[in-house]
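Chemist: Quick one: the structure is below, and I'll ask about it shortly.
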Amino acid sequence: MRFNFRIIVSIIGLLLIINGLSMLLCLPFSVYFRERDWKALLIAGILTYIVGFISWYRYKDTNNKELKKRDGYLIVTLGWVIMSVFGALPYVFSGAIPSFTDAFFETVSGYSTTGASILTDIESVHKGILFWRSLTQWIGGMGIIVLTVAILPFLGIGGMQLFVAEAPGITPDKLKPRIQATAKRLWLVYVGITAIECVLLMFGGMSFYDALNHSFTTMATGGFSTKNTSAADFSPYIQYVITIFMFLAGTSFTLNYFAFKRKYKEIWRNEEFRYYLGGTIISTIIITIAVFVGTENSLEKSFRDSIFQIVSIVTTTGFVSADYTQWTPFVTLLLFIFMFIGGSAGSTAGGVKIVRHIILLKNSFLELKRQLHPSAVIPVRLNDKAISKSITFHVLAFIMIYISIFALGSILVSLSGLDFMTSIGAVATCLGNVGPGLGDVGPVDNFAGLPSVSKWILSFLMLLGRLELFTVLMLFTPYFWRKV
């Protein structure tokens, strides 16, 4: 089987065009705040745009629009890597992050909405560069490929292959018959909720600049902040607003779309959402009691910090309102386990996803029943509908591979000299696209002191987690490249 080289290069060119134009959108903030980073953004933006335009124009072929599934996997993986390479240029050109290794790590962390950072003094970075940092998360949250499918009819037939490769899910719900119309509506919901959060944050006293940055990174479940202390020094009102919108961002955007359409029954019928809401409430009660008893915090602050950190970690946003590693060991362990849960399928959250855990648990309990009744056909049911065995097998394979990669990644990272807690914390948070981890990469630390080899490994894990394993791992199998 031959790859469609022309369409692959041309679509990656289109992605670079979007990337270059996005860099130029940061220029007004550099000009307004009278900072010198505008030159770096301008040069990086124009260079990226030119490379993208040449790639698109040179290899565009309007007579050959057939995009096969293998092409889709290759475009998505290469697209994210190449976007990250060019996305690192503003950091390098401006001197904000002189090392390309660190700049690439920061960019991958942005596009993958992980939120792991190597910046030790965020507030000293120029405003235009910080806005670019937040913008990478906002674009990466809903997905650059989904954006392309939404606004570029040129993709035509190939839209579905790209959409599925970048945003794989258990039961993807299409809001409209055409994948392009679906992508557009998802992006409209994404933009709308972002705008609402921005207004509410400004109402709480935030400047437009800070409100826009935090709205971008909240809805992307990314967690990049313009402040060194993340959300710790914000007012209770702002922390509650961010908590609510992190929860919404961790909810399937199909359900958010139903909320706009006032189809509330459709939302409550969704089993994953009920588990998501119920689990958040129960966890908040347990951890609030533990924090209140184990610290000198008031009941309100214990509740606020608990629900903020639970929602932040479960949705893989990564904002921090308190140093949770200083709470009781029980709470720290519980929050570490939450790093493996993830938000809802169809949301901007990373991680394993709640629906996969539901299917895993249901299948495990049903297996006991099957042992008693070996001849009975007992399917796993989700939302009162039987799901196929292929989906169940897919979930079991995903979770098994996820755990294996976590174990292997922890071993590889530890070989660079990191201690046990830092190794498992760094791998868990990067593979799950969470942000803060444990040990030396905890909520009040960052990834700056890690060896370069660890940063490259973790960058790969962030990309792997963002594209939900199979899209990337597919490229490392011999049969993917075999001609058929």
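The values are calculated or read from the model by the stated rules, or taken from the named source; none is laboratory data. Everything numeric in this text was worked out from a predicted model, so none of it was measured. As a convention, Cβ positions derive from the backbone with ideal geometry for all residues, glycine included, and neighbour counts pool all protein chains shown. Quick note on the areas: whole protein, heavy atoms, side chains included, nothing else; ligands and nucleic acids left out. Shrake-Rupley method; radii C 1.70, N 1.55, O 1.52, S 1.80 Å.
Chemist: Can you report the number of residues in segment 399-421 which are free of Cβ contacts under 8 Å to residues at least 24 places away in the same chain and either on the phi > 0 side of the Ramachandran plot or crowded, with 16+ Cβ neighbours inside 10 Å (or both)?
Modeler: As a first pass, look at segment 399-421 and keep what is free of Cβ contacts under 8 Å to residues at least 24 places away in the same chain: 400, 403-404, 407-408, 410-411, 414-415, 419-421.
Filter once more, so that each one left must be either on the phi > 0 side of the Ramachandran plot or crowded, with 16+ Cβ neighbours inside 10 Å (or both): 410, 414, 421.
The number of residues fulfilling the criteria is 3.
Chemist: Still on this structure, please answer the following. Quick one: in segment 189-205, of everything that is among the aliphatic types (A, V, I, L, M) and within 21 Å of the chain's Cα centre (by Cα), which residue is surrounded by the most Cβ atoms within 10 Å (Cβ to Cβ)? Before the answer, list the steps.
Modeler: Restricting attention to segment 189-205, the residues satisfying the condition of being among the aliphatic types (A, V, I, L, M) are 189, 191, 193, 195-196, 199-202.
Of the ones still in play, those that are also within 21 Å of the chain's Cα centre (by Cα) are 189, 191, 193, 195-196.
Numbers: V189: 22, V191: 13, I193: 20, A195: 13, I196: 15.
Among those residues, the one meeting the criterion is V189.
Chemist: Could you count how many residues in segment 291-307 are outside any helix (DSSP H, G or I), loosely packed, with under 13 Cβ neighbours inside 10 Å and not hydroxyl-bearing (S, T, Y)?
Modeler: Matching residues across segment 291-307 total 1.
Chemist: Taking only pairs six or more apart or across chains, which ones have beta-carbon atoms under 6 Å, a first residue in segment 204-221 that is within 18 Å of G115 (Cβ to Cβ) and charged (D, E, K, R), and a second residue that is open to solvent by less than 20 Å² (accessible area, probe 1.4 Å) and modelled with pLDDT under 95?
Modeler: D210/T226
Chemist: Continuing with the same structure: Within the group I50, I12, which residue is out of contact with any helix residue (DSSP H, G or I) (no Cβ under 6 Å at 6 or more places or on another chain) and in a helix (DSSP H, G or I)?
Modeler: I50
Chemist: Continuing with this model, one more query. Quick one: would you say L372 is modelled with pLDDT of 85 or more and farther than 21 Å from I242 by Cα?
Modeler: When the stated conditions are applied, L372 does not pass them.
Chemist: What number of residues in segment 81-133 are of a type outside the set (D, E) and in a loop (DSSP other than H, G, I, E, B)?
Modeler: 17
Chemist: Answer yes or no as to whether R34 is part of a loop (DSSP other than H, G, I, E, B) and open to solvent by 30 Å² or more (accessible area, probe 1.4 Å).
Modeler: Criteria met by R34.
Chemist: When you look at L382, is it touching a residue at least 40 places away in the same chain (Cβ under 8 Å) and either more than 24 Å from F406 (Cβ to Cβ) or open to solvent by less than 60 Å² (accessible area, probe 1.4 Å) (or both), yes or no?
Modeler: yes
Chemist: Here's another thing I want to ask about it. Of all residues in segment 98-130, count the ones that are crowded, with 19+ Cβ neighbours inside 10 Å and of a type in the set (S, T, N, Q).
Modeler: Count: 6.
Chemist: Okay, moving on. What pairs come up if the first residue lies in segment 44-60 and is touching a residue at least 24 places away in the same chain (Cβ under 8 Å) and more than 18 Å from G87 (Cβ to Cβ), the second is exposed (fewer than 15 other Cβ atoms within 10 Å of the Cβ) and not aliphatic (A, V, I, L, M), and their beta carbons are under 7 Å apart, counting only those six or more places apart or on different chains?
Modeler: Correct list of pairs: Y59/R6.
Chemist: Only one of (1) assigned to a loop (DSSP other than H, G, I, E, B); (2) surrounded by fewer than 17 Cβ atoms within 10 Å (Cβ to Cβ) is not met by G437, so which one is it?
Modeler: For G437, the failing item is (2).
Chemist: Taking the criterion of being aliphatic (A, V, I, L, M) and open to solvent by less than 10 Å² (accessible area, probe 1.4 Å), would at least one residue in segment 271-290 satisfy it?
Modeler: The answer is yes, given that some residue of segment 271-290 is aliphatic (A, V, I, L, M) and open to solvent by less than 10 Å² (accessible area, probe 1.4 Å).
Chemist: Please find, within segment 74-95, the residue that is surrounded by the fewest Cβ atoms within 10 Å (Cβ to Cβ) out of those that are aliphatic (A, V, I, L, M) and in contact with a Leu (Cβ under 8 Å, 6 or more places away or on another chain).
Modeler: Applying the filter and picking the extreme gives V81.
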